[in-house]
Amino acid sequence: MNYNKIKAEDNVSVVTQFILLGFSDLPNVQGLLFALFFIIYMIILIGNSLIIIVTRLDTALQKPMYFFLTNFSSLEICFVSVTVPRILKNLWTQDRTISRLGCATQNCFFITLGASECFLLAVMSYDRYVAICNPLHYPLVMNHKMCVQLAVGAWVIGIPVQIGQTSLIFSLHFCNSNQIHHFFCDIPPLIKLACGDTSVPEKVLFVASTLFVAIPFTLILISYGKIISTILKLPTASGRAKAFSTCSSHLIVVVLFFGSASITYFRPKSNHSASTDKLLSLFYTVITPMFNPLIYSLRNKDVIAALRKMKGEEMKAEDNVSTVLVMQFVLWGFSDFPNLQGLLFALFFLIYMIILIGNSLTIIVTRLDTALQKPMYFFLANFSFLEICFVSVTVPRILKNLWTQDRSISKLKCATQIYFLHMLGTTECFLLVVMAYDRYVAICTILCTISVVLSVFCDSNQINHFFCDIPSMFKVACGDTSINELCVFIAAVLFVMIPFLLILGSYIKIISTILKLPSVTGRSKAFSTCSSHVIVVVLFFGSVAITYLKPKSNCSTGSDKMLSLLYTVVTPIFNPMIYSFRNKDVIVAVKKLLLKKT
């Protein structure tokens, strides 16, 4: 049976799998496109996440306008995550196939979230209309209950219609061709592949586009017509400029999003071109979400002020004991070696380069060599990528501190570092378990972070460490930290001891099976496939377990730093060496790759 098509009862080949051609017409720039889309995706995620964090934490931004902006940023993250990860996957693997179910799911989420975005932009324009045209009634009209109802309505309004539309499109027979000239499963290119009469789906698409694109856009136009009329009546030029500035950001996003979407879905069928469709789609699927945080932050004084406030300025809060609350910390790091700062910078820079190059080489080799297309090396590629991410949480900050001698770090950045360090560290623990399970099968047949953020830091802001780690943070917290320490201990047991015990269980079964092998060479070969993993497990879990599970009375700043170096820097630097120099398959693949280059 062909994987792409099956025979229907009327002997017509019916497509069960599609091929997203995407940017396959640019074969020489696939790597460049991957890098470009990856950077854009990171900008979208980080930029919109920063807007959400800032608008939630800053009391000056607790207004309806920023409540809707938070929802819009959340929606942008969801909306772009429907398409861009698939684009990245296709560019990285060059496997452009997508199942019929996968295509239908992507299409349903895309048009549902797209409809929500249209109506949320309309809600945001209505908010600006009430604020400018009826300022005295604004607090009464845009109360919290109304804001929540409008936001929820925008999120859910398109769900039933868009699910029905997706069901209608995928009830069609797709025959003869399964190649979609697009980078995601959009309705117009799908209709082109359908055989038989497509007039009904096309009419439904037109009606849906009118409902979820044209109507919100018309409402926005009406709102802005009234807004502009009101602004022009203001007596002073400064008043008009200020009123316009509160709308300009929203207006730019509206023009970018609705302009490209309207041309895509409303222009005559005869004018359709695959290249033009792809270019227009990039505007409302990728470019608008990327510019959203830039437009709403760089053009908004309130958001800029909030960002500056969170950058590390100390704030004084009067309470019963007149305590100065710490809003930024100082990472001591290696400041007790003043004469070795340059040498330490060079050493850590060299280590970081070795980690990046070594692990990147492991990823490239395991992806390119067909002999390494096995589960073991799939997990190894993931582990190497995770090591790059894990070490990039701490080492760049160490290098920055050593280079500039500015060791200050804001509370927000400290919390962010803690979150990513422990999230990636937890992932590494469980990935090592998965790798142990993989070896077993082959041979045998954001609690912590939240507790830290909620702690009150006062009097001292000096962290005697080279990154924001939880034990060192508790030392500068005031008040009772016993609950927080208990949470950390429980988390350490869950995310360190349990994975370690699972690994031990796997290796007990592995050793038991290996010892039953009849020949010495067989036992030696079986042990060799596990030895690399065992070394990494011992280095990583050993240092982590001592750091997080040892009694508080035994804590020493010097030993804590040394142990932390083992699992944050030393293990990642040895990972490519251990997995390459001790693995014959990887050595052969590297030699093969070098011979190809020469």
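The values are calculated or read from the model by the stated rules, or taken from the named source; none is laboratory data. Quantities reported herein were computed from a predicted structural model and do not represent experimental measurements. Quick reminder, even Gly has a Cβ in these numbers, built from the backbone with ideal geometry, and neighbours come from all protein chains shown. Surface areas here come from the heavy atoms of the whole protein model, side chains and all, with no ligands, DNA or RNA. Shrake-Rupley method; radii C 1.70, N 1.55, O 1.52, S 1.80 Å.
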Next on the checklist: Just to check I understand the Karplus step: with θ = phi - 60° and J = 6.51 cos²θ - 1.76 cosθ + 1.60, what whole-Hz values come out for region 421-426, glycine and proline as x?
Outcome noted: 4, 7, 5, 6, x, 4
Item to check | Backbone N under 14 Å from the Phe489 label point (7 Å along Cα→Cβ), restricted to region 407-431 | outcome: none
Checklist entry - Under a plain spin-label model, where a point goes 7 Å from the Cα along Cα-to-Cβ, how far apart in nm are Leu232 and Ile364? => result 6.1
Checklist outcome for this item: Expressed in square angstrom to the nearest 10, the accessible area of Arg407 with a 1.4 Å probe stands at 30
Item to check | Asn464 long-range amide H proximity, modeled H, under 5 Å | outcome: Trp332
Next on the checklist: Given the whole protein assembly as supplied and a 1.4 Å probe, what does the accessible area of Phe527 come to in Å², nearest 10?
Outcome noted: 90
Item to check | Amide proton proximity set for Gln179, modelled H, under 5 Å, gap of 5+ | outcome: Ile19
Checklist entry - With a ≥ b ≥ c the root eigenvalues of the C-alpha gyration tensor of region 84-184, is it rounded (a/c under 1.5), prolate (a/b larger than b/c) or oblate? => result prolate
Checklist entry - Got a sec? What order do Cys118, Cys195 fall in by accessible area at 1.4 Å, biggest, i.e. largest, first? => result Cys195, Cys118
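Round to the nearest 0.05 the FRET efficiency obtained for Leu501 and Leu101 when R0 = 41 Å and r is the Cβ-Cβ distance.
Working: r = 38 Å, r/R0 = 0.92.
Rounded to the nearest 0.05, the efficiency is 0.65.
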Checklist entry - Taking a probe of 1.4 angstrom, what is the accessible area of Trp92 in Å², to the nearest 10? => result 120
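Between beta-carbons, use under 10 Å as the cut-off and find the net charge around Val253, counting Lys and Arg +1, Asp and Glu -1.
On the way: positive: none; negative: Glu76, Glu117.
Result for the neighbourhood of Val253: -2.
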